[in-house]
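The values are calculated or read from the model by the stated rules, or taken from the named source; none is laboratory data. Computed from a predicted structure; not experimentally measured. So basically every Cβ, Gly included, is an ideal-geometry build from the backbone, and we count neighbours across all protein chains shown.
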Amino acid sequence: MTEQSNKILLSANNLTKTFGNFNANEKVDFSILKGEIHALLGENGAGKSTFVKMIYGLLKPDYGEIYWKNNIIDLSGPRHARDLGIGMVFQHFSLFDALTVLENISLAMPGKLDLFGLENKINNVSQEYGLQIDPHSRIYNLSVGEQQRVEIIRCLLQDPELLIMDEPTSVLTPQEISKLFDVLLKLSDKGCSILFITHKLEEVRSLTSRATILRRGANVGTVNTSDHTAKSLSQMMVGHEVIDTNSKTLKIDNSNSLLIKDLSRPAETRFSISLKNINLKVNGGEILGIAGIAGNGQYELMETLIGEHIINDEQKIIFNNKDLTMLKPNKRREEGISFIPEERIGHATVSNFNLSENYYLTDYINKKSSNYGIIKAMVRFR
């Protein structure tokens, strides 16, 4: 056995998975070394999720082999993978909102549980890796970044040798991304391998040592990331030269303004935050940041601004000199206010709808879309 093979933790040979006539993965070869941070790249639909689901035991390959420490394995499911030492943090978290951090983590732990002992373990892991979290916090009170910490802690308590991270930075703030990278580098230093799926190519260059690129379900290359630029990696992903496009500059009407006057809202539950006399103004073309530790009223403020929560008091939210305080979300959209929520699935999109159907859910009120044929085209190509 060669010295290189001794360093390989997990490998795949000719891994193939089809769904009907669609080849999600076709004869994929792959290997990750012990302690390596390895990127898995590809466009949407390139087969990344299918591949990691096979090596985590969620899907059975139609053909090919998976090797763990140079021994062929036949994964019976995710529990089998976890027992071997394979953990995974999914892009969309599998947490129960109404339960506490401690309760959610306890559900994934095998055998008879000592909750007091588990709480101490959570605190110890949190402190060791800088993943501060209150075990008694309920999930629905946590930011997306904090929920991701819960998922990571849950994996770490099972002592993984391979940690799969599926798009972990897609909804994190720059500060949260920096903290996450510190955790991953610390894990790597301790010998844990990280398989890192992302579309952010500069992250790949700054964090990983190697990258495997999938295109149309096939492995088109495994490269040292230090030898490549973000542009050359993107060209491997799409299969042709990526041409930079010139974006148009839009003229902003500086007379547009959003005015919030003495906005207050009582806490609806013992877990929510009250808003007290919020005053701010946003001029046309201006970017105004709202900063604060997660759970200090940001969600309640956004919910109020977009009309999901109505305050029974006039002249609190003024946009372009019009009082929107009593208007519901669709009426505010008609006035030109849009909202991108923190949580995409369920709050922003319906996961089993296609792009045009999701588009129509909110844009059906836009007469321009109908006039330009967008809605008609959507129906024609359905």
* Find the residue count for the stretch 145-200, including only residues that are more than 28 Å from S232 (Cα to Cα), buried (at least 19 other Cβ atoms within 10 Å of the Cβ) and of a type in the set (S, T, N, Q). => 2
* Asked: What residue, among those in the stretch 95-128 that are charged (D, E, K, R) and part of a helix (DSSP H, G or I), is surrounded by the fewest Cβ atoms within 10 Å (Cβ to Cβ)?
  -> E128
* Of the numbered conditions (1) assigned to a helix (DSSP H, G or I); (2) under 13 Å from the mean Cα position of the chain (by Cα), P168 fails exactly one; give the number of that condition. => (1)
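Which members of the stretch 194-221 meet the condition of being assigned to a strand (DSSP E or B) and farther than 13 Å from V52 by Cβ?
Within the stretch 194-221, R210, A211, I213, R215, A218, N219, V220, G221 meet the criteria.
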* Asked: Considering the stretch 294-329 alone, what residues qualify as being loosely packed, with under 13 Cβ neighbours inside 10 Å and modelled with pLDDT under 85?
  -> N296, N312, E314, Q315
* Structure fact -> Subset of the stretch 56-80, residues among the aliphatic types (A, V, I, L, M), in a loop (DSSP other than H, G, I, E, B) and without any contact (Cβ under 8 Å) to a residue 40 or more places away in the chain, comes to L58, L75
* Can you name the residue in the stretch 278-334 that is in contact with an Asp or Glu (Cβ under 7 Å, 6 or more places away or on another chain) and in a strand (DSSP E or B) and, of all such residues, is nearest to L263 (Cα to Cα)? -> N279
* **Failed item in (1) among the small types (G, A, S); (2) buried (at least 22 other Cβ atoms within 10 Å of the Cβ); (3) at positive phi, with G45 passing the rest** => (2)
* **Total residues in the stretch 132-149, condition among the aliphatic types (A, V, I, L, M) and more than 14 Å from L172 (Cβ to Cβ)** => 2
* Do we have any residue at all in the stretch 122-143 that's more than 28 Å from G297 (Cβ to Cβ) and among the charged types (D, E, K, R)? -> yes
* All positions within the stretch 225-240 that are closer than 15 Å to A46 by Cα and in a helix (DSSP H, G or I) -> L233, S234, Q235, M236, M237, V238
* **Residue in the stretch 344-354 that is modelled with the lowest pLDDT, counting only those that are in a loop (DSSP other than H, G, I, E, B) and surrounded by 14 or more Cβ atoms within 10 Å (Cβ to Cβ)** => R344
* Within the stretch 129-136, is even one residue part of a loop (DSSP other than H, G, I, E, B), surrounded by 13 or more Cβ atoms within 10 Å (Cβ to Cβ) and not aliphatic (A, V, I, L, M)? -> yes
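Within the group N224, N254, N283, N279, which residue is surrounded by fewer than 17 Cβ atoms within 10 Å (Cβ to Cβ) and at pLDDT below 80? Step through it out loud before you land on a result.
Details: N224 fails: at pLDDT below 80; N283 fails: at pLDDT below 80; N279 fails: at pLDDT below 80.
Of N224, N254, N283, N279, the one residue that is surrounded by fewer than 17 Cβ atoms within 10 Å (Cβ to Cβ) and at pLDDT below 80 is N254.
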* Does the stretch 40-57 contain any residue that is over 23 Å from S188 (Cβ atoms) and among the aromatic types (F, W, Y)? -> no
* Structure fact -> Quick count over the stretch 15-42, residues being among the hydrophobic types (A, V, I, L, M, F, W, C), crowded, with 18+ Cβ neighbours inside 10 Å and more than 15 Å from I194 (Cβ to Cβ), is 3
